[in-house]
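Below is one structure, written out as structure tokens, with a few remarks after it.
Laboratory data are not the source of any read-out in this text; all were calculated from the coordinates shown. Small disclaimer: the values here were computed from a predicted structure and weren't measured. Please note: Cβ atoms are built from the backbone with ideal geometry, for glycine as well, and neighbour counts cover all protein chains shown.
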Amino acid sequence: MLTRRDFLRLSGLGLAAVAVGCAGQQPAAPSGQPARGGRLTIGIGSIPPSMDPHVDSTANSLPCYAQLFEKLVAADEKGNIVPVLAESWRSVSETVWEFKLRSGVKFHNGQELTAEDVKFSIERVLDPKTTSPWRGRVDRISRVEAVDSLTVRVETSGPFSPLLQGLSVVDIIPARYFQDVGPQGFATAPVGTGPFVFKEWVRQERLVVTANGSYWRGRPALDEVVFRAIPADASRIVALEAGDVDVALLIPPDQVDRLRSRGFQIRSVNLGQGLVVNLRQTPGTPLASRQVRQALNYAVDKNMILEKLLLGYGRVLDGQVVGPDCFGYNPDLKPYPYDPARARALLAEAGYGGGFEVTFHGTVGRYTKDKEIEEAVIGQLAEVGVKANLQILEAGVFIQSFLGATIGPMFIWAWQYLPAMDADLPLNFFRSDSVAKLMAQPRFDELIDRERRAFDTEARRRILQEANAYLRDDPPCIFLVQTPGVYAVKPTVDGFSWQPTYLFDLTKVTVRQG
């Protein structure tokens, strides 16, 4: 039942005035420095394989897209839903929501934001032909109506309590412009409402954006931002020390002390994503066996990965894909202990005492120390007789293989509960009808259906915790670690802060000469 407390929480009443009041404030420049100007270059593991935000959900792409595009609502670092392009909203009933848009917001091409753009954007994510990885987060939406130019009504096929969390990942794009240029034209010349305007995108190399002088929150201080794709950790550090980048993300923990001694600001945040090795449960294969999947969890030493490879940055996952900063985290669950003997016994019970061979698709530069973690996992699996053959995939191929359910059957992945910091976001990918096609278990599907119908906050939390416990017992992956975001910043950069949501607000950043 939708209680008054939950209605007020979900409707966002009282939040809009606070957010709008803060939105117009521009960051003060450091003493003696200009309020505007300069270029910020960010070294990141990868940039978007396409500038279409509806077809890519990889973590490294999110801060890139966030400079160009905005959503109706967003989540702050604690998971609270706050207004963005929607200045307010209300839950008319358990299946009907109404959003009031900000007036005067303009896309980069000068077109004013209207309800038709919101309707088009949501419907495009929902369209199976788009193959959007975000679709599962909003797939209960049955109808979107533009009531008037600034009012949007969203109807769901049934009670859908995490609607706002789902909408926090749907970027709003201009309908008329997209229809004029088509998907390929848009992907090469994107237009949004964000604080920066698209300038240049070179696949696997760089994305360049410039300040939006007509931004509804006020012009950013920076003139230009460059995202440089630098997959190798060592190369990102070289670029930082050479002065080619001002900020380097995903710094290897073993480089922290040296970089700090050279004057760089070193910071760390536990990101809202759980790094795992997914195990596709294709019928007739070893990974279809629950005992085998449990065995693989016992075979991997997660504490070694945390302490030896990550030097204590991050945290071991407690047999669930989310951390304690996530709504729905189950505090009663414990990590699988490292027990190779137990792993061998379970493999034998499942009929694989002699081991088996499997393809393992991996990445380089997508996550902190990902290549080293992949190699460590492969080495430990070999000790119990499982031969995992590592194949590194290029960023674009990696995401397309995921969307096409051709990746794996074993593959590294960081399940994002960011940006809404809510367990519904990753758990829905384990449903039978998910684009990921990792498993098909009706009991789990029913738990997610129940959770999405529960408008009472604590009831929904309990169901999510039950769903996490289900996956702890019948694991769809090898649970590893909540990933750390260790990053280095030049001393001449002020105001840069990486959040657990994987995002950063560059409108507050300034670069001093020196």
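Counting every alpha-carbon pair across the chain, the share separated by more than 28 Å comes to 54%.
How would the stretch 351-498 be classified by its alpha-carbon gyration tensor: rounded, prolate or oblate, with rounded meaning a/c under 1.5 and the a/b versus b/c comparison settling the rest? Cα axes put the stretch 351-498 in the oblate bin. Per the Kirkwood formula applied to alpha carbons, the stretch 250-376 shows a radius of gyration over Rh ratio, Rg over Rh, of 1.02. What would the Debye equation give as log₁₀ I(q)/I(0) for the stretch 41-126 at q = 0.21, 0.24 Å⁻¹, counting only Cα atoms as equal point scatterers? One equal scatterer on each Cα of the stretch 41-126 leads to -1.25, -1.39.
Of all aspartates and glutamates in the structure, those lying under 19 Å Cα to Cα from K508, and not within fewer than 8 positions of it along the same chain, are E70, D76, E77, D223, E224, D246, D494.
Taking the DSSP beta bridges with both ends in the chain, the antiparallel portion is around 75 percent. When each of S50, S93, S432 is scored by the number of other beta-carbon atoms lying within 10 Å, the sequence from fewest to most is S93, S432, S50.
With 23 Å as the limit on Cα-Cα distance, the pairs of K71/K369; K78/K129; K100/K199; K302/K437; K106/K199 that go past it are K71/K369; K78/K129; K100/K199; K302/K437.
Once the C-beta distance of Y338 and E466 is scaled by a Förster radius of 22 Å, the resulting FRET efficiency is 0.25 to the nearest 0.05.
The charge dipole of the chain, taken about the Cα centre with unit charges on the Cβ atoms of Lys, Arg (+1) and Asp, Glu (-1), comes to about 480 debye, rounded to the nearest 20.
Between the stretch 325-389 and the stretch 128-154, the alpha-carbon centres lie 38 Å apart.
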